[in-house]
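For reference, the structure is listed below as structure tokens.
The values are calculated or read from the model by the stated rules, or taken from the named source; none is laboratory data. Fair warning: this is a prediction, and the values are worked out from it, not measured in the lab. Here the Cβ positions follow ideal geometry from the backbone for every residue, glycine too, while neighbour counts run over all protein chains shown.
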Amino acid sequence: MTQAQVGARTAAGMRIGIIGGGLMGLALAERLASTGHQVHVYERAPQPGGLATWHDFGPFVWDRFYHVILPSDTALVEFIRRIGLAERLNWSPTRTGYYVDEQFHSLSSGLDFLRFPLLNPWSKFRLVLTILYCSRISDWRRLEHMTVEEFLVRYSGRATFEKFWKPLLLAKLGEHYRRVSAVFIWTYVKRLFSARDAAAQKEHLGYVSGGYRTVFERLLDLIARARGSVRTGIEVQAVRARAAKGIEVVAGGETEAFDKVIFTGPVNVLRSIVDPELAQVPPHGDIEYLGVICMALVTRKQLVPYYILNIADDRIPFTGVIGMSSLVATDETSGLYLTYLPKYVLSDDPMLRRTDEDIKAEFLQGFHNMFPDFDDRDIAGVHINRAFKVQPLQVLDYSARVQTPRTRHQDFYVVNTAQFVNNTLNNNEVIRTVNAFLQQFGAEFAIT
Ligand SMILES: Cc1cc2nc3c(=O)[nH]c(=O)nc-3n(C[C@H](O)[C@H](O)[C@H](O)COP(=O)(O)OP(=O)(O)OC[C@H]3O[C@@H](n4cnc5c(N)ncnc54)[C@H](O)[C@@H]3O)c2cc1C
């Protein structure tokens, strides 16, 4: 493609490069390709899907990391419907548990909460007030200046903080919770409680039959039918401005010219591949990511009746037990049960670099400590997966550190999960962000 061809192209048939073939990149690609643009996606991993990609568990394939859909995920549900997968969406009632002092407690209903022995009635009252107060806050920006500890101690009291909130924060963020702003708990409470059916006060969660692989295969098909391409196993090494107009991308030893390029990967990659002329990326260390180590156990028996069992016990090496099979029908998983055991750490934590064998031994020992009756003969498979750049640590005044979609160059855009300044990392927010981006910049992409 010559400079003249890139410059002379009409807006309706632009060549658009997208860096990153996760849900953000592929959802953008599908929308832009369907409006007549020539779209090319670069994905460095051997398969598309990013953090929501799939994993071969042997007897079946399911998401590499656990994923659920909430009834309040309206943008995501609408997207699933629009790409023709409404009939593959399933909903089930689920339960939440809390493990503390070597005891399991259900926290799935108001009655469970009243029976919860860890807190006295006054602490429970303050906890409920904190949650109600959180659900009424609309101006999240003022929460950015206050630590999550300050906020929770102020509204729930020190005793409730120490007994209830602190173990949860430690489980989700480790000691780094001390640097995180109150926005974290606000987004967490909002999302957690939106999983409840308002009328029945029961928790309901959903999934797409076949897992996220079904969604990605459909997106690949739609992109291909609109003459777009998704190239996997190709890492973008550099992105820079062309002399007159447009952007060029260097990947796999080749340089390609585009009218417009959208970057959807993490901030550290943006910093390493993008010419500073295009975007002012925050300096190294300014945005710290959490990574995750996740052991998946495939077993012949169900391990927990909960979808999420929160763990408030620092002797257990993982931070939760996700009973995927309490949500997903076992005919999706060859009659076996799938349980994930995640642990979140900062992305440079040495734990992320430990061997699979090492992690497996430690997590299995922790599992035995929690479930002394568990019999290893029920294990059909153990899988260790890890991701380094999962979610930025939402420190004080985090939103001021983020690169906005509009960059220094009119043909280069950044749309990534680091921009989730007032939400948790989730796929509803990914689709909402894609929709908002196309709404804001639709005219520049000739979308009306
Ligand atoms: C443990 C875990 C549990 C989760 N649970 C849920 C859940 O229950 N519900 C929910 O809604 N969401 C959940 N999520 C979040 C969900 O996975 C993310 O919202 C989603 O995957 C983000 O998609 P993305 O495309 O923005 O980013 P990513 O998936 O990170 O995609 C970015 C892509 O860019 C690629 N890339 C990076 N650099 C380059 C380069 N130089 N060249 C080419 N390609 C590059 C990467 O390989 C990657 O594929 C969970 C995530 C994790 C890790």
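Going by the structure shown, is A224 part of a loop (DSSP other than H, G, I, E, B) and either of a type outside the set (F, W, Y) or surrounded by fewer than 23 Cβ atoms within 10 Å (Cβ to Cβ) (or both)?
Considered against the rule, which asks whether it is part of a loop (DSSP other than H, G, I, E, B) and either of a type outside the set (F, W, Y) or surrounded by fewer than 23 Cβ atoms within 10 Å (Cβ to Cβ) (or both), A224 comes out as no.
Filter region 43-63 for residues that are assigned to a loop (DSSP other than H, G, I, E, B) and closer than 13 Å to V298 by Cβ; which is farthest from the ligand (Cβ to nearest atom)?
Ranking the candidates gives P59 first.
Evaluate region 211-229: report whether one residue or more is under 30 Å from S108 (Cβ atoms), modelled with pLDDT under 95 and touching a Ser or Thr at 6+ places or on another chain (Cβ under 8 Å).
No, region 211-229 has no match at all.
Quick one: how many residues across region 294-303 are in a loop (DSSP other than H, G, I, E, B) and surrounded by 21 or more Cβ atoms within 10 Å (Cβ to Cβ)?
1
How many residues does region 419-448 hold that are within 23 Å of R142 (Cβ to Cβ) and more than 9 Å from the ligand (Cβ to nearest atom)?
Count: 6.
Give region 256-313 a look and list any residue that's within 30 Å of G366 (Cβ to Cβ) and without any contact (Cβ under 8 Å) to a residue 40 or more places away in the chain, or say none.
Start the filter on region 256-313 by keeping residues that are within 30 Å of G366 (Cβ to Cβ), which leaves 266, 288-313.
Residue satisfying the conditions is Q302 alone.
Taking the residues in region 392-418 that are more than 18 Å from V39 (Cβ to Cβ) and within 11 Å of the ligand (Cβ to nearest atom) as candidates, determine which candidate is surrounded by the most Cβ atoms within 10 Å (Cβ to Cβ).
Taking region 392-418 as the starting set, the residues that turn out to be more than 18 Å from V39 (Cβ to Cβ) are 392-404, 406-410, 417-418.
With within 11 Å of the ligand (Cβ to nearest atom) added as a condition, the list becomes 417-418.
On the way: T417: 27, A418: 23.
Restricting to residues being more than 18 Å from V39 (Cβ to Cβ) and within 11 Å of the ligand (Cβ to nearest atom), the top hit is T417.
Given the criteria out of contact with any strand residue (DSSP E or B) (no Cβ under 9 Å at 6 or more places or on another chain) and either within 11 Å of the ligand (Cβ to nearest atom) or in the same structural domain as Q237 (by TED's automatic domain parsing) (or both), does P266 qualify?
Working: out of contact with any strand residue (DSSP E or B) (no Cβ under 9 Å at 6 or more places or on another chain): no; either within 11 Å of the ligand (Cβ to nearest atom) or in the same structural domain as Q237 (by TED's automatic domain parsing) (or both): yes.
For P266, the condition - out of contact with any strand residue (DSSP E or B) (no Cβ under 9 Å at 6 or more places or on another chain) and either within 11 Å of the ligand (Cβ to nearest atom) or in the same structural domain as Q237 (by TED's automatic domain parsing) (or both) - is not met.
Starting from region 52-65, take each residue that is closer than 16 Å to R386 by Cβ and without any contact (Cβ under 8 Å) to a residue 24 or more places away in the chain and list its partners that are small (G, A, S) and within 16 Å of the ligand (Cβ to nearest atom), counting only C-beta distances under 8 angstrom and pairs at least six apart or across chains.
none
Check region 85-104 and report whether any residue there is in a loop (DSSP other than H, G, I, E, B), more than 23 Å from the chain's Cα centre (by Cα) and not charged (D, E, K, R).
No: region 85-104 contains no residue that is in a loop (DSSP other than H, G, I, E, B), more than 23 Å from the chain's Cα centre (by Cα) and not charged (D, E, K, R).
For the condition out of contact with any Gly (no Cβ under 6 Å at 6 or more places or on another chain) and at pLDDT 95 or above, what is the one hit in R353, R408?
Just a single option satisfies the conditions, and that option is R353.
When you go through R377, R408 one by one, which is the residue that is basic (K, R) and more than 25 Å from G21 (Cα to Cα)?
R377
Residue under question is T339, and the condition is that it be modelled with pLDDT under 95 and either polar (S, T, N, Q) or on the phi > 0 side of the Ramachandran plot (or both); does it hold?
Criteria not met by T339.
Restricting to region 64-84, give me the number of residues that are assigned to a loop (DSSP other than H, G, I, E, B) and within 12 Å of the ligand (Cβ to nearest atom).
Adding up the residues that qualify gives 8.
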